[in-house]
Amino acid sequence: MKNYLFLNNEYFDITIYQYGYEQCVPNHTFGPGMRNHYLIHCILSGNGTYRTNDREREQEYHLHAGQAFLIEPNRLVHYFADGSTPWEYIWIEFDGMKAKEYLSEAGLSQAAPVYRASTEEGFQELSENLLYLINNPDILPAEVIGHTYLFFGSLIRNSRNSRRLPKNNIQDFYVQSTVDFIENHYMEEISVEDMAQNLGLNRSYFSKVFKKATQKSPQDFLIQYRINKACELLRSTRMSVGQTAQLVGYHNPFHFTRAFKKLTNQSPQEWRKRNGTQDAG
């Protein structure tokens, strides 16, 4: 088994959390349980079963080599290897502004979680992009992101159910302009109202457009951005948690700690102890 965490959270279109490989033992199982983010498992060999609840109705899929399956966040799932020919698979855990769009283009959803490539060569192509990450654990973060985009490109292009989504240029402009605004002002006391005014839009309309495009509210996106920046500071500096909070726009350390723990399931001090330098006080 190989499992690699990706701790660089500077990329928002696709945010990678981990990826890995496993040759499962017979009847190896996960669940019933839930995941916090999207996962795709690509089956390299063997067989297994995937169960998921779709609108309170359990669906069961018997899967084999050359297929993949999608796990959606906060969805109750259960999957296990075959007793005689257990599956060998690779996986990637991810989220981000473009995650749902890319999955939709590949024909994957809660109602259709099984991926079938149009050709054997197509499945091999997408698997090779993911295997490259697993077999080269020391590559740069930009290279990890690059091969992840190649993986999603292969996923979409080689899917039997691939469908390109219509593009809304003005919507893309609103989202990119908001990301630019947040990058320049996240350390200040900005609000959703400020983001909307930056575009000359009504707050309610802006929030609706942003969430439709990103699957996150503007406020949730801002919080995620600030916490990602806080993680960078906690990992690479010896500033105190209070100083870190100030630099990412939180003037109340309690509010910062609460937001940090909600997203990471750890306090800032706990996160730093596991991932970076020790707190300076």
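The values are calculated or read from the model by the stated rules, or taken from the named source; none is laboratory data. In this text, all values refer to a predicted model and were calculated from it rather than measured experimentally. Reconstructed Cβ throughout: ideal geometry from the backbone, glycine too, with neighbour counts over all protein chains shown. Just so you know, the surface numbers come from the protein's heavy atoms only, side chains and all, with ligands and any DNA or RNA stripped out. Shrake-Rupley method; radii C 1.70, N 1.55, O 1.52, S 1.80 Å.
Observations on the model:
- Overall form of the range 69-166 per C-alpha gyration tensor (a/c, 1.5; a/b vs b/c): rounded
- Environment charge at Leu39 (Cβ cut-off 13 Å; Lys +1, Arg +1, Asp -1, Glu -1): -2
- Surface per residue (accessible, 1.4 Å probe) for the chain, Å²: 51 Å²
- Close amide-amide hydrogen proximity is noted between Gln59 and Thr52, Asn53, Asp54, each under 5 Å apart and 5 or more residues distant or on a separate chain (H modeled in the peptide plane; Pro and chain starts excluded).
- Over the chain, relative contact order from alpha-carbon pairs under 8 Å, at least 6 apart, %: 15 percent
- Computed over the chain with a Gaussian network model linking Cα atoms closer than 10 Å, the most mobile of Ile16, Ile170, Ile43 is Ile170.
- Of the accessible area of the range 183-281, computed with a 1.4 Å probe over protein heavy atoms only, carbon and sulfur atoms account for 47 percent.
- Exposure check, 1.4 Å probe, all protein chains in place: Glu189 carries approximately 140 Å² of accessible surface.
- Selection among Phe254, Ile16, Ser118 by position relative to the dipole of the chain gives Phe254 as farthest towards the positive end (Cβ unit charges, Cα centre).
- Note on the chain: with charges restricted to the Cβ of Lys and Arg (+1) and Asp and Glu (-1), its dipole about the Cα centre is near 680 debye.
- Among Lys211, Lys229, Lys262, the largest mean-square fluctuation in a Gaussian network model of the chain, built with springs joining Cα atoms closer than 10 Å, belongs to Lys262.
- For the range 78-174, with all protein chains in place and a probe radius of 1.4 Å, 50% of the accessible heavy-atom surface sits on carbon or sulfur.
- The range 177-281: relative contact order in percent, alpha carbon pairs under 8 Å with at least 6 residues between: 25 percent
- Debye log10 I(q)/I(0) at q = 0.10, 0.17 Å⁻¹ for the chain, Cα point scatterers: -0.60, -1.38
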